[in-house]
1. Restrict the search to region 202-291; then list the GluC sites (Glu not before Pro) that DSSP places in a loop and that have at most 11 other Cβ atoms within 10 Å of their Cβ.
2. With both partners inside region 116-213, how many of the DSSP beta bridges are antiparallel, as a percent to the nearest 5?
3. Amide H neighbours of W200 under 5 Å, at least 5 residues apart or on other chains, H built in the peptide plane: list them.
4. Could you give me the ³J(HN,Hα) list for region 205-222, computed from phi with Karplus coefficients 6.51, -1.76, 1.60 and θ = phi - 60°, whole Hz, x at Gly and Pro?
5. Please compute the net charge surrounding N129, taking Lys and Arg as +1 and Asp and Glu as -1 over other residues with Cβ under 9 Å from its Cβ.
6. When the helix-only estimate is applied to the chain (DSSP H runs of n ≥ 4, each -39,500 (n - 2.57), divided by the residue count), what is the mean residue ellipticity at 222 nm, nearest 500 deg cm²/dmol?
7. Normalised by the number of residues in region 116-213, what is the relative contact order in percent for Cα pairs under 8 Å and 6+ residues apart?
8. Can you work out ³J(HN,Hα) from phi for every residue in region 277-283, in order, using Karplus 6.51 cos²θ - 1.76 cosθ + 1.60 and θ = phi - 60°, giving whole Hz and x for Gly and Pro?
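Nothing in this text is a laboratory measurement; each read-out follows from the coordinates by a stated rule. The structure presented is a predicted model; accordingly, all values stated were derived computationally and were not measured. Don't worry about glycine lacking a Cβ; one is built from the backbone with ideal geometry, like all the others, and counts go over all protein chains shown.
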Amino acid sequence: MKKRIGAVLAGALFATTLTACSGVDTSGGGEETIKFATVAGWDDTEAVTALWTALLEDRGYQVDSTAVDLAAGIAGVARGDLDGYLNLWLPSTHEAPVAAHRDDLVILDEPFFDDDRQVLVVPDFVEENTIEEFVQNSDKYGNKIVGIEAGSGNMKLLPDVMKTYGAEDKIDIVEGSTPAALAELEKATKNNEHVAISLWQPHWVFADMPVKALEDPKGGWPAPDGSYVGLSKKFAEAQPDIVKWMGNSKLTADQYASLMAAVNDADDQVKGARTWLEIPENKAAVDQWFN
């Protein structure tokens with residue numbers, strides 16, 4: 001089991017306060033601290049933020065990340081209190097919080113990854129392979145889905161998914177946190193228990209636990225999103241080089257999954273990203289972003 005589940009569960013007990021000043025450094029070096037927003041337990045966002053922290057530190061910048069609720073993070077970027085949120089799922093999952101601040105954000109034109117999917121995840125020993133089969137046999141699962149953070153796009157979309165399968169009055173959606181949901185999933189796989197959790201792909205859990213994503217034959221979930229970098233206007237104007245580098249960035253599914261695994265395995269997220277960069281193929285791919 002990934003050791004960071006417990007660490008993030010503990011960290012989630014503490015509230016995070018946004019600092020009131022942006023980390024814009026107009027000198028092109030590292031005199032001021034760049035501040036990125038992230039969400040505790042959202043492994044894809046933590047991984048890409050750790051990667052950019054390592055890459056920018058290697059180029060002389062000082063970088064810090066602040067764990068916040070997604071909506072608060074996007075609002076902080078829009079105000080210029082934070083410099084960026086590096087993993088906006090668009091056009092569907094994060095559209096609501098982005099729409100409220102779109103005029104005050106710089107969202108890069110192209111996604112660095114283009115196949116983000118929302119999924120329901122179950123242990124791989126269960127007979128059910130589709131959401132439809134899960135609904136038909138939901139009594140095995142306590143007629144519930146273990147969800148993640150209430151403010152996430154995933155949880156806002158999930159009721160419509162249940163409605164698509166005629167299960168809005170049959171299935172309870174239990175709000176919680178990503179680490180807590182993963183802990184429930186791990187427990188179920190070890191004890192041969194039935195559980196369904198709401199999650200996303202790509203995610204390290206598919207390599208680390210004997211689990212599977214339920215197929216969605218009726219198209220309850222939206223089409224796959226892309227992962228976009230969102231920056232404050234002030235930061236984008238002050239840091240054209242960083243904007244260019246981030247605009248050049250691309251990750252394949254295998255690269256993204258292995259990055260998440262490396263970051264999640266490490267005691268320190270940035271050290272995990274540096275470990276990932278030590279693999280020659282990964283470093284060669286990332287070096288292209290700076291050409």
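1. Filter output for region 202-291: E278.
2. Values: 8 of 12 bridges.
Bridges in region 116-213 that DSSP calls antiparallel: roughly 65 percent.
3. Residues meeting the criterion, in which the H sits 1.01 Å from N, are V119.
4. 4, 6, 8, 9, 10, x, 9, 8, 8, 6, 5, 10, x, 9, x, x, 6, x
5. With Lys, Arg at +1 and Asp, Glu at -1, the net is -3.
6. Mean residue ellipticity, 222 nm, calculated: -11500 deg cm²/dmol.
7. Numbers: 150 pairs, mean separation 46.8, N = 98.
So the answer I get is 48 percent.
8. Working through the residues one at a time gives 6, 6, 6, x, 5, 5, 4 Hz.
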